[in-house]
Amino acid sequence: MKKRNLKWYAGLLLVFMIMSFAGCQKSDAPKEEEKGLYTAGTYEETVQGHNGDLTVSVELSKDAIVSVKVLSHKESAGISDTPLERIPAEIVDGQTLAVDTIAGATVTSKAILAAVEACIIKAGGDAEKLKAATDKEEETKVTEITTDVVVVGGGGAGLVAAASAEEHGAKVIVLEKLAATGGSTALSGGGISATDTKFQRAEGIEDSKESWMELWKERQDASNKEGMYPDYDFVDRFMDAAVVTTEWLVDTVKHEYSAIMGFGLDPVRRLHFAKSDATTKGGTTLTNNIKNFITGEGVEIRTETEVVDILVDENGKVIGVEAKDKNGKLIVHADKVILAAGGFAKSEELLERFVPEAKGTSALSWASAGSTGDGIVMAEKLGAALYEEPWVIGLGIGSKIPGTQALGMDWTRLYVNYQGERFMNEEVHYSIATNKLIEEKGTWLLVDSTEANADLVKALEAAMPSEEVVKGETFKELAENMKVPVETLEETMKTFNDGVKSGVDAMGKSKDYLVSVEKAPYYAIKFYPVTMGTFGGVKTNDSFQVLKEDGSIIENLYATGENANKILYNQVYMSGSAVQFALTSGRIAGQHAAENLK
């Protein structure tokens, strides 16, 4: 009996042990891995940047953004440097897409953020949650500094003003609201016009101030014939000063010229172009050379620092500026303030106020993003006299369709207005072309389907359907899609094509630029006036001290570049003159400010 009980207990114990072992096995089995924030891996996305495709790589672990790299891009050197470096770093450091865009490089900034967002979504992440901004404690810090001269704006005029003031013994600080210096000058070709320079003479180029003045008067007579400006006495003095500036840049700043050339309808070789490599625009090379010179001499440059007010004492004398930066408020006490903050080509508000004919042009303007008229408005608040008859600096024409940029300076093309009428000889100076389009309510550029237009047609087909481009198998169908009178467009095209065959154009275009539009299908593309700056600003004397309406100066205040350039122009830009005036006015203002400190 006892043996049987023992066997029974032993069996029960064995069953218990087996069950316990099974239970242990179950509890020790690996748990299903918890799902992370992302599916780990490396993802790539290509988006449209400012100048073309921009490709970003994002490495993700299951719980974190490990790295963000911009693999390739076509963005402008200098302007894009800050967003290309900072945006990826801030995304990783903050594990967030709620990153501030970079002033002056908004398109590039948004492109990087969009590419990273797309990668996050591919990895199963919650992009909307990452885009939610966290509450930031408001910065109330106030910083005060003192200097001899403060320059408002770090474009061509501002950098040269700083260089000149420093050269003549002043302590200088430059405040630039964008993340990069250079302004509109950096976006230009970097060519500066001057006559009878030592560099021209060394190459055997014969040129004279009289020749340039003759062309200047011819161009200014091309529009607004009753205009108040230019002041040709001032233009004459500017031309002399331009020679000094052109040579001073080499002798003092150590700038270099690679070529002296003509341009388009300006065949005389008086444009002095910066020596630059293939990756950098001449304008960027020019401004970088000046920036490197002044920082080497101890000039402080503060970027992302927006000047919001000019400070005055109880007598109305300028004593400095108030600015804001990432840390809060900045007060700069200075004996002299030089405004070099650019024109207003990027401000629709000021375009509508000053040049209502050109409202709507800011989006396509090639001016710096910082060209919002800040310096002009601040000076006006102090009683500065504004120049009459402000206008825009024309750069030609352009469309909103990718792949059509080359059409803007192609004299073989044909323009018609919204009535279906040809309204100009397309073989004109680019600035005059801008003005002609401003005069019209709207403009179409017409092309056909010849083999020479094959790539263009591909770009147009890719953009359709669009309000910016229409197509027709006949001129009748094209006119209907353009919503212009059919008979008018048909007559316009017959007259034009007949002129091509005879070699005599009704608008006077040279035979070399007459190309027929005869092979269907036909395309019409909307084209718009394109600007690169503005004429206007506040009135100054020859030292670029700002003037009141009564002709007296606003003590200690200067204005340069597009803050004070109307005196040179009617409505037509002269090739190489805007950058030259920026540099020359900056040089003169900087020297005068330094030599007249307390």
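The values are calculated or read from the model by the stated rules, or taken from the named source; none is laboratory data. All values derive from a computational prediction rather than experimental measurement. All Cβ positions, glycine included, derive from the backbone under ideal geometry; neighbour counts span all protein chains shown. The protein model used for the area step is the full one, side chains on, heavy atoms only, and it has no ligands, DNA or RNA in it. Shrake-Rupley method; radii C 1.70, N 1.55, O 1.52, S 1.80 Å.
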> If you check every pair at least six apart or on different chains, which have Cβ atoms under 9 Å apart with a residue in the stretch 89-100 that is farther than 17 Å from Ser61 by Cα first and a residue that is open to solvent by 50 Å² or more (accessible area, probe 1.4 Å) and in a loop (DSSP other than H, G, I, E, B) second?
Replying inline: Glu90/Asp100; Ala98/Ala132; Ala98/Ala133; Ala98/Thr134
> Of these, Leu382, Leu351, which one is open to solvent by less than 40 Å² (accessible area, probe 1.4 Å) and at pLDDT 95 or above?
Replying inline: Leu351
> Between a first residue in the stretch 263-290 that is in contact (Cβ under 8 Å) with a residue 24 or more places away in the chain and not assigned by the TED database to the domain that holds Glu206 and a second residue that is open to solvent by less than 20 Å² (accessible area, probe 1.4 Å) and not in a strand (DSSP E or B), which pairs have beta carbons less than 9 Å apart while being 6 or more apart in sequence or on different chains?
Replying inline: none
>> I'd like to check which helices (runs of 4 or more DSSP H) are fully inside the stretch 46-155 and have at least 3 residues that are open to solvent by less than 60 Å² (accessible area, probe 1.4 Å) and either outside the structural domain of Gln591 (by the TED database) or touching a Phe, Trp or Tyr at 6+ places or on another chain (Cβ under 8 Å) (or both).
In response: 81-94, 106-122
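Might you check whether a residue that is touching a helix residue (DSSP H, G or I) at 6+ places or on another chain (Cβ under 8 Å), crowded, with 17+ Cβ neighbours inside 10 Å and of a type in the set (Ser, Thr, Tyr) occurs anywhere in the stretch 222-236?
Step one: filter the stretch 222-236 for residues touching a helix residue (DSSP H, G or I) at 6+ places or on another chain (Cβ under 8 Å), giving 222-223, 227, 229-232, 234-236.
Filter again for crowded, with 17+ Cβ neighbours inside 10 Å, leaving 223, 229-230, 235.
Those left that are additionally of a type in the set (Ser, Thr, Tyr): 223, 229.
Looking for residues that are touching a helix residue (DSSP H, G or I) at 6+ places or on another chain (Cβ under 8 Å), crowded, with 17+ Cβ neighbours inside 10 Å and of a type in the set (Ser, Thr, Tyr), one finds at least one in the stretch 222-236, hence yes.
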>> Which condition from (1) under 19 Å from Ala582 (Cβ atoms); (2) open to solvent by 10 Å² or more (accessible area, probe 1.4 Å); (3) assigned to a loop (DSSP other than H, G, I, E, B) is the one that His255 breaks?
In response: (2)
> So which of Glu352, Glu388 is more than 18 Å from the chain's Cα centre (by Cα) and in a loop (DSSP other than H, G, I, E, B)?
Replying inline: Glu388
> Right, Ser371: assigned by the TED database to the domain that holds Lys317, within 18 Å of the chain's Cα centre (by Cα) and surrounded by fewer than 23 Cβ atoms within 10 Å (Cβ to Cβ) or not?
Replying inline: no
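So in the stretch 156-189, with the set limited to residues that are assigned to a strand (DSSP E or B) and farther than 16 Å from Thr372 by Cα, which one is farthest from the chain's Cα centre (by Cα)? Explain how you work it out, then say what you get.
Of the stretch 156-189, the ones assigned to a strand (DSSP E or B) are 172-175, 182.
When the remaining residues are screened for being farther than 16 Å from Thr372 by Cα, the result is 172-174.
Numbers: Val172: 26, Ile173: 24, Val174: 20 Å.
Top of the filtered list is Val172.
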>> Just the residues that are closer than 22 Å to Lys141 by Cα, open to solvent by 60 Å² or more (accessible area, probe 1.4 Å) and assigned to a loop (DSSP other than H, G, I, E, B), please, taken from the stretch 296-315.
In response: none
> So, of the residues in the stretch 327-347 that are in a strand (DSSP E or B) and hydrophobic (A, V, I, L, M, F, W, C), which turns out to be most open to solvent (accessible area, probe 1.4 Å)?
Replying inline: Ile331
>> Testing Ala578 on (1) within 24 Å of Glu214 (Cα to Cα); (2) open to solvent by less than 10 Å² (accessible area, probe 1.4 Å); (3) within 21 Å of the chain's Cα centre (by Cα), one condition comes back false. Which one is that?
In response: (2)
> Taking Glu491 and the conditions (1) open to solvent by less than 70 Å² (accessible area, probe 1.4 Å); (2) farther than 30 Å from Ala369 by Cα, which numbered condition does it fall short on, given that it satisfies the others?
Replying inline: (1)
> Tyr430 passes all but one of (1) surrounded by 14 or more Cβ atoms within 10 Å (Cβ to Cβ); (2) modelled with pLDDT of 95 or more; (3) closer than 30 Å to Tyr569 by Cα; which number fails?
Replying inline: (2)
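Within the stretch 194-218, how many residues are assigned to a helix (DSSP H, G or I) and open to solvent by less than 20 Å² (accessible area, probe 1.4 Å)?
Let us first name the residues in the stretch 194-218 that are assigned to a helix (DSSP H, G or I), namely 198-202, 209-218.
Filter again for open to solvent by less than 20 Å² (accessible area, probe 1.4 Å), leaving 200, 212, 216.
Of the residues in that region, 3 qualify.
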>> Any residue at all in the stretch 270-293 that's open to solvent by less than 20 Å² (accessible area, probe 1.4 Å), under 24 Å from the mean Cα position of the chain (by Cα) and more than 21 Å from Ala162 (Cα to Cα)?
In response: yes
> Looking at (1) surrounded by fewer than 21 Cβ atoms within 10 Å (Cβ to Cβ); (2) more than 26 Å from the chain's Cα centre (by Cα), which is the only condition Met239 fails?
Replying inline: (1)
>> Condition first: open to solvent by 80 Å² or more (accessible area, probe 1.4 Å) and outside any loop (DSSP other than H, G, I, E, B). Now tell me which residues in the stretch 32-45 satisfy that.
In response: Thr42, Glu44
> With Ile588, Ile554 as the choices, which residue is over 27 Å from the mean Cα position of the chain (by Cα), under 30 Å from Thr146 (Cβ atoms) and crowded, with 22+ Cβ neighbours inside 10 Å?
Replying inline: Ile554
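In the stretch 316-326, is there at least one residue being under 22 Å from Val579 (Cβ atoms) and open to solvent by less than 40 Å² (accessible area, probe 1.4 Å)?
Step one: of the stretch 316-326, the residues under 22 Å from Val579 (Cβ atoms) are none.
Looking for residues that are under 22 Å from Val579 (Cβ atoms) and open to solvent by less than 40 Å² (accessible area, probe 1.4 Å), one finds none in the stretch 316-326, hence no.
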>> Taking the condition of being assigned to a helix (DSSP H, G or I) and within 16 Å of Glu389 (Cβ to Cβ), how many residues in the stretch 220-234 meet it?
In response: 3
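Which one is farthest from Asn417 (Cα to Cα) among residues in the stretch 447-500 that are hydrophobic (A, V, I, L, M, F, W, C) and in a loop (DSSP other than H, G, I, E, B)?
From the stretch 447-500, those hydrophobic (A, V, I, L, M, F, W, C) are 447, 452, 454, 456-457, 459-460, 462-464, 469-470, 475, 478-479, 482, 484, 486, 489, 493, 496, 500; that's our starting set.
From what's left, in a loop (DSSP other than H, G, I, E, B): 464, 484.
Details: Met464: 21, Val484: 9 Å.
Per the criteria, the residue is Met464.
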> If you go through the stretch 451-487, how many residues are in contact with an Asp or Glu (Cβ under 8 Å, 6 or more places away or on another chain) and loosely packed, with under 15 Cβ neighbours inside 10 Å?
Replying inline: 1
> Limited to the stretch 362-385, what total is found for residues that are over 18 Å from Phe535 (Cβ atoms) and outside any loop (DSSP other than H, G, I, E, B)?
Replying inline: 2
